[in-house]
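Each remark here refers to the structure printed beneath this line.
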Protein chains: 2
Amino acid sequence: MSLADELAKKQRSISVAEFFEKNKHLLGFDSPVRGIITTVKEAVDNSLDACEEAMVLPDIFIGIKKVSGEVYRIIVEDNGPGIVPDQIPYVFGKLLYGSRFHQIKQSRGQQGIGISAAVLYAQLTTGIPTTVISRTGAATPAWRFEIQIDIESNEPEILRREEAEWDRTHGTRVQIEFRSTLAAKKRLLDYLKYTSIVNPHARIRVEMDDEAFLFERVSDEVIACPEPIQPHPHGIEIGNLKRMIVYSEDSLEDFLVNGFARVGTKTAREMCRLAGLACEMPARNLTPAQQKSLLDAMQQVKVPAPPTTQCLSPIGEALIVQGLEKEIQMDFVSARTRPSSVYSGNPFMVEAAIGYGGKLPPEGNAQILRFANRVPLVYQQGACAITGCIAGINWKTYGISQSGLPIGPLLILVHIASTNVPFTSESKDAVASIPEIEKEVTLALQELGRELKTYLSRRDKSRLQEDRARAVCAIIPEIAAKVAEIVELPPPDISPIEGKIMRKLVTRRETRDGKVAIEVRNYTDQKGAVTLYDISPDTAEDATIRPDFSSRMEQEVTKVWQVPIEPGSVWRVEYTGAGGGSLDIRGIDQKYIVTVDLDV
Amino acid sequence: MSLADELAKKQRSISVAEFFEKNKHLLGFDSPVRGIITTVKEAVDNSLDACEEAMVLPDIFIGIKKVSGEVYRIIVEDNGPGIVPDQIPYVFGKLLYGSRFHQIKQSRGQQGIGISAAVLYAQLTTGIPTTVISRTGAATPAWRFEIQIDIESNEPEILRREEAEWDRTHGTRVQIEFRSTLAAKKRLLDYLKYTSIVNPHARIRVEMDDEAFLFERVSDEVIACPEPIQPHPHGIEIGNLKRMIVYSEDSLEDFLVNGFARVGTKTAREMCRLAGLACEMPARNLTPAQQKSLLDAMQQVKVPAPPTTQCLSPIGEALIVQGLEKEIQMDFVSARTRPSSVYSGNPFMVEAAIGYGGKLPPEGNAQILRFANRVPLVYQQGACAITGCIAGINWKTYGISQSGLPIGPLLILVHIASTNVPFTSESKDAVASIPEIEKEVTLALQELGRELKTYLSRRDKSRLQEDRARAVCAIIPEIAAKVAEIVELPPPDISPIEGKIMRKLVTRRETRDGKVAIEVRNYTDQKGAVTLYDISPDTAEDATIRPDFSSRMEQEVTKVWQVPIEPGSVWRVEYTGAGGGSLDIRGIDQKYIVTVDLDV
């Protein structure tokens, strides 16, 4: 027997379940720490997709509990449309099975792998089958299944199937137990926080060991579910075309019109003409050579870009800004939704936001939030094309330091929405380098960068102006007093000078000989009232104008006055004290305010 | 009909071919540029693996030719054992089919996906079937196949099957045509160069358009093919154990001894005892609860690490250094093969090398060469755990600048050999972050870093010494002359002083008043002869000692003298000229040499 014969005996078909069992890190199950996040992510993706299809406001419950030793029980429950009993074993017990793979529309799940990978991981690490309860409506009973995957055939194994009591009228509940740890709890909560930012219509409740968390919905508007579209004639390759042709019973013209997006009768006829083919011939009669001519002709005819409004569901600039502001206080934030575009026939859209200052950490790399089809990406930031684009931009142009990534109190959010997000692996952690997508991400960030630059230079300018104004207001009275002393005259009224130099609301606190005097001079044309906050250890009990509000907090006393202003008005209060602490004016645009504190 | 019923109608099984057709970037077919490299890589991996199994010195031919427009024909032909005709359609026409997936041993191919992905890509982009010729021995005919993949079933479609004439007595030839470009030609040649470095026993001939390249073998020793091992009892999970048990006809004791690496009778009995199970019970009779007790017991008993010498095939320190030196001239190079280790029951081994100086570019990031199971990794450097480890090391400790990656004339090679290399995706571009592997890579590089540091500080020290010596030799004659002038005596002989200060071979060139004098003084205990190279515009026709060799090259004349030396010897030549240019001594250890050029 030849060596080839011997080798042949070792040749074997590998089931996709075997493949992913051996390569479980490809599915995001590379460590016990990650297992929980990956499972929650896949289950929540499914729940949100299902609720979107059913036009239901999602109400999702997540329970994570240690049951023994290293074994955790993960429960994810939703109020979606439910799954018919016959489908349940396949949805959870077969890798590469699903409803969204063949549709050209934006959805969170695309591959038909996610949740069954968690089932596989459970049976691999604990041998415990997965329990699923699902109900499709109040009129039907709920069904309870215990499921495993037959690894060598990648077919579901049903260990138990029975009707069950369940208090929800529709929805699905999956319970999975595997070896894991809760070491990445913070990351899990971050993932849920960001999920809730981009899915403001979802309520997500979490019970984790003994703690409970609620991510409440902030919008009662159901997101419109994207609708599938036909493939675009410029994004199709010969292999796909051949298969579409085999199944077609149409004439060539109808095949083109019905099978492709943006192809009308006129375009179809032009394609037939260029290919030298009769419009009325049955499409399935095309010879391989004719198929190739047709494909070439299809590329040559101009066709508008694929329709995107129906198949994509961007978050929107307003909602991104709102979501970010809810979570993080920043001085500047702006978002951009780019026009839709296409790569290899797949429509996609890039959204981005930049935040600056406020409570963002002033040092270290910018914080990067990556999203794909409304799902936060939590792992493999370094491998992601989004990160690559961010590092590839010259941030110094926009006044931001940079060492690889930009540095400083900066937050960068990028969302890629597509009918087919090109991930670098099945675990959907990072977006692959696709030139068309990278271009859009870069453009979005550059636009925002320019806005940020404008903000920063205006801020620097107004800071400069304010510094100057403060200096002037501090020094002019001193000069006036000195001059008065020399010429032996009473100090002159300097307010017209101040008013001339700048049109500001000047608040001046002078502490001298155990006396505090606060003066508010309005050189602006604003009128109404402002609120003065004076926070210092002084109680100001003998104040010439009684504070409207006063409260002590440890060593500090907060004194608040409503100060009426009108053009040219001067308001003044005096009390016995040592001054210090802080002085604040509210109720007028910050750009008018100049505060001077003189401790003489 | 409920929504769930409607959704159910869209549910479908997805064939693995459909999955990878849609996600072809996961297989390394994300762009036409990459297609050729990925295909060559997969085919060459298969050829090298097959030759290794057959104990044949690989003789591989690669042909890449543009056939029309954007279509390229890629041919890879080897002298391996060949494939029996019945297997050919499956090996090339079915994803997830192969002989190496289920074996625990190091091999280049592991997944049974690679080459069939190229077949898929061809049929997708050009619709042209793949042609395979294979022959298993001189006594059998060669067979020729035309193959495609039926995408919806992931089964091979045989378009033609016939006996063929072929001049090789054994081997396989695959011819694939797809849309591509040769834009990444340099990267392809780099890939082949590095392949040849780590496979010194292979001859690889390439014809690319009109150019031919040969990577000749430098070793006639066949690499021993790694032998498969049994799984290690500490690396097994409950799912795998269950499946092994189902197929077993042994008693529990024999099941453990025969089924696992490093388990002898004594260890097996200890496992049974701890699990509270009888050694002689048939393994297949174990209840699920008993299976779990057995697994726990298996983890508790101490078992030596898995055997690695048979299943792994490291390159070896000597061969790595030799391979690198063949390709790149460097001042320092050192390699390290770490002891074998284990992650999740998979044996692995890390090898690394560091090169410094020489012809390496003095600026920019260090050059990184990554290998896995003797295959160079050419894409996704940033996503690779190897790169992460390199960036994670504090190179400043070793005298190397760093900004993320180390900077300077530095080359870093890392090879990971394992029975199951954990790649981040099916395209096998980058190694996933596995703590055990990262630890070994870091340790290997730190060891080499310390060596590099020693080299650098020795080099700096000898540089310093040389600088000092040169300064002394330059200044002492000046001082002597000055002193002689002052005291009005002839200049003293300073050689004893120089000899006392340092034991060097001092070459001094003095240019004064249109006369050049070169003196070689030997203060060392070396004897024999050295070669003096004097390169300047001077022709030295009137030299007091005639050069042994003289040649003009444009404006420069190279003059070479053999200079006899013995301890204390002085050799001197004079000629008319303007000096300048360079002066070099060869034939004696560099550490003895001091060269002084005085232009008075």
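The values are calculated or read from the model by the stated rules, or taken from the named source; none is laboratory data. Everything numeric here is computed off the predicted structure, so don't read it as measured data. With ideal geometry, Cβ positions are generated from the backbone for all residues, glycine too; neighbour counts draw on all protein chains shown.
At-a-glance table
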quantity	calculated
Single residue of the range A:384-419 satisfying the filter (in contact with a Ser or Thr (Cβ under 6 Å, 6 or more places away or on another chain) and part of a helix (DSSP H, G or I)) that is surrounded by the fewest Cβ atoms within 10 Å (Cβ to Cβ)	A:A385
Sole residue being within 27 Å of A:S433 (Cβ to Cβ), touching a residue at least 12 places away in the same chain (Cβ under 8 Å), of a type in the set (F, W, Y) and in the same structural domain as A:Q446 (by TED's automatic domain parsing), chosen from A:Y356, A:Y343	A:Y343
Enumeration of residues in the range A:108-121 that are over 17 Å from A:R173 (Cβ atoms) and assigned to a helix (DSSP H, G or I)	A:A117, A:L120, A:Y121
Condition met for B:T130 (without any contact (Cβ under 8 Å) to a residue 60 or more places away in the chain and under 30 Å from B:Q310 (Cα atoms))	no
Some residue of the range A:384-392 being more than 14 Å from chain B (Cβ to nearest Cβ) and either of a type outside the set (D, E, K, R) or free of Cβ contacts under 8 Å to residues at least 40 places away in the same chain (or both)	no
Those residues of the range B:88-111 which are buried (at least 24 other Cβ atoms within 10 Å of the Cβ), under 21 Å from B:E177 (Cα atoms) and facing chain A (nearest Cβ under 8 Å), in sequence order	B:V91, B:K94
Residue count, the range B:570-600 (criterion: out of contact with any strand residue (DSSP E or B) (no Cβ under 8 Å at 6 or more places or on another chain) and either in a loop (DSSP other than H, G, I, E, B) or not assigned by TED's automatic domain parsing to the domain that holds B:T531 (or both))	1
From the options A:R470, A:R459, residue that is in a helix (DSSP H, G or I), over 23 Å from the mean Cα position of the chain (by Cα), more than 30 Å from A:R34 (Cα to Cα) and at pLDDT 75 or above	A:R459
Residues located in the range A:23-38, provided they are more than 7 Å from chain B (Cβ to nearest Cβ) and either under 14 Å from A:I151 (Cβ atoms) or within 25 Å of the chain's Cα centre (by Cα) (or both)	A:N23, A:K24, A:L27, A:G28, A:F29, A:V33, A:R34, A:G35, A:I36, A:I37, A:T38
Test result for B:G82, facing another protein chain (nearest Cβ under 10 Å), buried (at least 20 other Cβ atoms within 10 Å of the Cβ) and not basic (K, R)	yes
Single residue of the range A:122-139 satisfying the filter (assigned to a strand (DSSP E or B) and of a type in the set (A, V, I, L, M, F, W, C)) that is surrounded by the most Cβ atoms within 10 Å (Cβ to Cβ)	A:V132
Wholly within the range A:1-77, helices (runs of 4 or more DSSP H) carrying at least 3 residues that are closer than 30 Å to B:I88 by Cα and assigned by TED's automatic domain parsing to the domain that holds A:L95	A:16-22
The range A:159-179 residues that are touching a residue at least 12 places away in the same chain (Cβ under 8 Å), paired with ones that are surrounded by fewer than 13 Cβ atoms within 10 Å (Cβ to Cβ) (beta carbon under 7 Å, 6 or more apart)	A:T169/A:A138; A:E177/A:V67
Residue among B:E18, B:E53, B:E70 that alone is modelled with pLDDT of 85 or more, within 14 Å of chain A (Cβ to nearest Cβ) and within 29 Å of B:P228 (Cβ to Cβ)	B:E53
Verdict on A:R273 being away from chain B (no Cβ under 14 Å) and modelled with pLDDT under 90	no
Tally, over the range B:147-174, of residues that are more than 35 Å from the chain's Cα centre (by Cα), charged (D, E, K, R) and away from chain A (no Cβ under 13 Å)	5
Flag if A:G399 is closer than 22 Å to A:I354 by Cβ and within 9 Å of another protein chain (Cβ to nearest Cβ)	no
Entirely in the range A:489-552, the strands (runs of 3 or more DSSP E) that have 1 or more residues that are on the phi > 0 side of the Ramachandran plot, of a type outside the set (S, T, Y) and at pLDDT 85 or above	A:528-536
Any strands (runs of 3 or more DSSP E) falling wholly within the range A:153-249 and containing at least 3 residues that are surrounded by fewer than 19 Cβ atoms within 10 Å (Cβ to Cβ)	A:155-164, A:203-208, A:211-215
The range B:510-525, subset within 12 Å of B:V573 (Cβ to Cβ) and in contact with a Ser or Thr (Cβ under 9 Å, 6 or more places away or on another chain), residue surrounded by the fewest Cβ atoms within 10 Å (Cβ to Cβ)	B:K515
Any hit, the range B:526-538, residues being of a type outside the set (A, V, I, L, M, F, W, C), surrounded by 13 or more Cβ atoms within 10 Å (Cβ to Cβ) and over 25 Å from B:Q590 (Cβ atoms)	yes
Residue that is nearest to the chain's Cα centre (by Cα) [pool: residues in the range A:566-586 that are crowded, with 18+ Cβ neighbours inside 10 Å and over 14 Å from A:E519 (Cα atoms)]	A:G581
Residue count for the range A:532-563, restricted to those that are among the acidic types (D, E) and either in contact (Cβ under 8 Å) with a residue 40 or more places away in the chain or touching an Asp or Glu at 6+ places or on another chain (Cβ under 6 Å) (or both)	2
